[in-house]
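Participant: One structure, pasted below without further comment.
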Amino acid sequence: MADEPVQRGLQDVVALESQICFIDGKKGRLIYRGYDIRELAEHSTFEEVAYLLWYGRLPTSKHLDELRRRLGGLRELPEPVVRVLAEMPVNANPMDVLRTAVSALAVYEPAETQPGSSSIGGALRLTAVLPTILGYYHRRRAGLPPPEPNPALSHSAWILNAIRGTEGSELEIRALDVALILHADHELNASTFAARVTASTLSDLYSSVTSAIGTLKGPLHGGAAERVMELLEEVGSADRAEETIRAKLSRHERIMGFGHRVYKVEDPRATILREWSRRVGQAKGNLRYYDLLRRIEEVVHAERGLYPNVDLYSGSVYTLLNVPKDLFTPLFAASRVVGWTAHVLEEYQDLRLIRPTAQYVGLTDLSYTPIEKR
Ligand code: COA
């Protein structure tokens, strides 16, 4: 065991069997429960994809209506959690707010947090309520009245309404819906792995999602879209792209929105979001982000041969939807919660404590020196 090669970052390590999501990193394919992401992004809705990920099959109209009705009815926050949110500083990191609110919610909803349960009740509840948490926090810091949960709205319309107070146009709702579909699951990404590690100890669903939110927060995972928009601000205009990117690469800085642990070609989600960035930009008469991103893509590819990932274009779509930068990662969570919970439910069905080993490279034969002699 001592001489086993260490796979840093568990790269290429097959940790478990799953029927939820398949990534073909060489061909740039992403499959949810057998269905190609391109078909799902073209034809389905976020609710339909949530059903697919949770139940393993596409819903009938009756099942979909039922799911929509249940999600719509679970958007209210309990009063004590509203009070927890009201206590938070207005300049808090929204991911900290989300994590804390989910953790607090567990205290008030013990029935949904039964470890090992195969019920999707907790998954529905968390999916329904994350936008409400975001809406409460964001509208409070903006000095606006709290969001008013409307059970009739689709999930995407509700997210836009909870944040902005209006759900907006069909195009805006569809753009967000597609972004949510694309973010709903991604095999054993770091946050899903964190959720499964937590569930594998037979801990509960809300604890697993709390772990996942903390893991998604990091810039190498969920935080990249926000950094991409900062990069656009720094670059400023397409004619400055080459100079700025080259300077960054020569300082060995990472260019956010590029590269991927699994994809060796273009991330198929980036292909779809690029088109949505153009579509929404065109509808709003603002193709500045799209043009700038296209130019940055050319430079990064020419300099390093790197391809864009999902985060390169998502921030431009969200910005055009008037979603503030620091809510991009929380939006990611509001979609990925479906994947996290699907994986936790799968973990419970085939439970095995996830506990790898480390190769010890420290000392072993030191003798203890009393403190007064050190
Ligand atoms: N910008 C510049 N160089 C990059 C890069 C990027 N975005 N992504 C990878 N590279 C380079 C690395 O510096 C490394 O070069 P080296 O071998 O000369 O040291 C090489 O490509 C391999 O990178 P590595 O860090 O081993 O790949 P990884 O699988 O660990 O990294 C990411 C995957 C996602 C962490 C990495 O691509 C990254 O940091 N991307 C930016 C953050 C981001 O967009 N995250 C969202 C992911 S969906």
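The values are calculated or read from the model by the stated rules, or taken from the named source; none is laboratory data. What you see is a predicted model, and the numbers here were worked out from it, not measured in a lab. Quick reminder, even Gly has a Cβ in these numbers, built from the backbone with ideal geometry, and neighbours come from all protein chains shown. SASA here: full protein model, heavy atoms, side chains in, ligands and nucleic acids out. Shrake-Rupley method; radii C 1.70, N 1.55, O 1.52, S 1.80 Å.
Participant: State the number of residues belonging to the stretch 294-318 that are without any contact (Cβ under 8 Å) to a residue 24 or more places away in the chain and in a loop (DSSP other than H, G, I, E, B).
Facilitator: Qualifying residue count, the stretch 294-318: 1.
Participant: How about the stretch 104-119: which of its residues are among the β-branched types (Val, Ile, Thr) and open to solvent by 80 Å² or more (accessible area, probe 1.4 Å)? Reasoning before the result, please.
Facilitator: Within the stretch 104-119, the subset among the β-branched types (Val, Ile, Thr) is 107, 113.
Residue satisfying the conditions is VAL107 alone.
Participant: How many residues, within the stretch 166-204, are more than 18 Å from GLY28 (Cα to Cα), open to solvent by less than 10 Å² (accessible area, probe 1.4 Å) and within 16 Å of the ligand (Cβ to nearest atom)?
Facilitator: 3
Participant: Residue check, THR215 against (1) within 17 Å of PHE328 (Cα to Cα); (2) within 16 Å of the ligand (Cβ to nearest atom); (3) open to solvent by less than 10 Å² (accessible area, probe 1.4 Å); (4) at pLDDT 95 or above, all met but one. Which one?
Facilitator: Answer for THR215: the failing condition is (3).
Participant: Considering the stretch 254-268 alone, what residues qualify as being open to solvent by 40 Å² or more (accessible area, probe 1.4 Å) and near the ligand (Cβ under 7 Å from one of its atoms)?
Facilitator: So the first thing to find is which residues in the stretch 254-268 are open to solvent by 40 Å² or more (accessible area, probe 1.4 Å), and the list is 254, 256, 260-262, 264-266.
Once the filter is applied, which keeps residues that are open to solvent by 40 Å² or more (accessible area, probe 1.4 Å) and near the ligand (Cβ under 7 Å from one of its atoms), the stretch 254-268 yields ARG254, MET256, HIS260, ARG261.
Participant: Now, a different point. Across the stretch 269-281, what is the number of residues that are out of contact with any Phe, Trp or Tyr (no Cβ under 8 Å at 6 or more places or on another chain) and either within 21 Å of GLY236 (Cα to Cα) or more than 10 Å from the ligand (Cβ to nearest atom) (or both)? Steps first, please.
Facilitator: Within the stretch 269-281, the first condition is being out of contact with any Phe, Trp or Tyr (no Cβ under 8 Å at 6 or more places or on another chain), and the residues that meet it are 269, 271-272, 275, 279-280.
Narrowing the set further to residues that are either within 21 Å of GLY236 (Cα to Cα) or more than 10 Å from the ligand (Cβ to nearest atom) (or both) leaves 271-272, 275, 279-280.
The qualifying residues number 5.
Participant: Could you say whether any residue in the stretch 221-242 is surrounded by fewer than 19 Cβ atoms within 10 Å (Cβ to Cβ), in contact with a His (Cβ under 9 Å, 6 or more places away or on another chain) and either free of Cβ contacts under 8 Å to residues at least 60 places away in the same chain or of a type in the set (A, V, I, L, M, F, W, C) (or both)?
Facilitator: Checked the stretch 221-242: no residue is surrounded by fewer than 19 Cβ atoms within 10 Å (Cβ to Cβ), in contact with a His (Cβ under 9 Å, 6 or more places away or on another chain) and either free of Cβ contacts under 8 Å to residues at least 60 places away in the same chain or of a type in the set (A, V, I, L, M, F, W, C) (or both).
Participant: Can you find even one residue in the stretch 238-252 that is modelled with pLDDT of 95 or more, within 16 Å of the ligand (Cβ to nearest atom), over 22 Å from GLY9 (Cα atoms) and in a loop (DSSP other than H, G, I, E, B)?
Facilitator: Within the stretch 238-252 (the criterion being modelled with pLDDT of 95 or more, within 16 Å of the ligand (Cβ to nearest atom), over 22 Å from GLY9 (Cα atoms) and in a loop (DSSP other than H, G, I, E, B)), the answer is yes, since at least one residue qualifies.
Participant: I would also like to ask the following. Kindly indicate which of ALA128, ALA86, ALA101, ALA123 is open to solvent by 20 Å² or more (accessible area, probe 1.4 Å) and not acidic (Asp, Glu). Let's see the steps before the verdict.
Facilitator: Values: ALA128 fails: open to solvent by 20 Å² or more (accessible area, probe 1.4 Å); ALA101 fails: open to solvent by 20 Å² or more (accessible area, probe 1.4 Å); ALA123 fails: open to solvent by 20 Å² or more (accessible area, probe 1.4 Å).
Sole residue among the options that is open to solvent by 20 Å² or more (accessible area, probe 1.4 Å) and not acidic (Asp, Glu): ALA86.
Participant: Then there's this: For LEU40, are the conditions met, namely being within 26 Å of GLY259 (Cβ to Cβ), touching a Phe, Trp or Tyr at 6+ places or on another chain (Cβ under 9 Å) and not in a loop (DSSP other than H, G, I, E, B)? Even if it seems obvious, please write down each step before you answer.
Facilitator: Working: within 26 Å of GLY259 (Cβ to Cβ): yes; touching a Phe, Trp or Tyr at 6+ places or on another chain (Cβ under 9 Å): yes; not in a loop (DSSP other than H, G, I, E, B): yes.
In short, yes.
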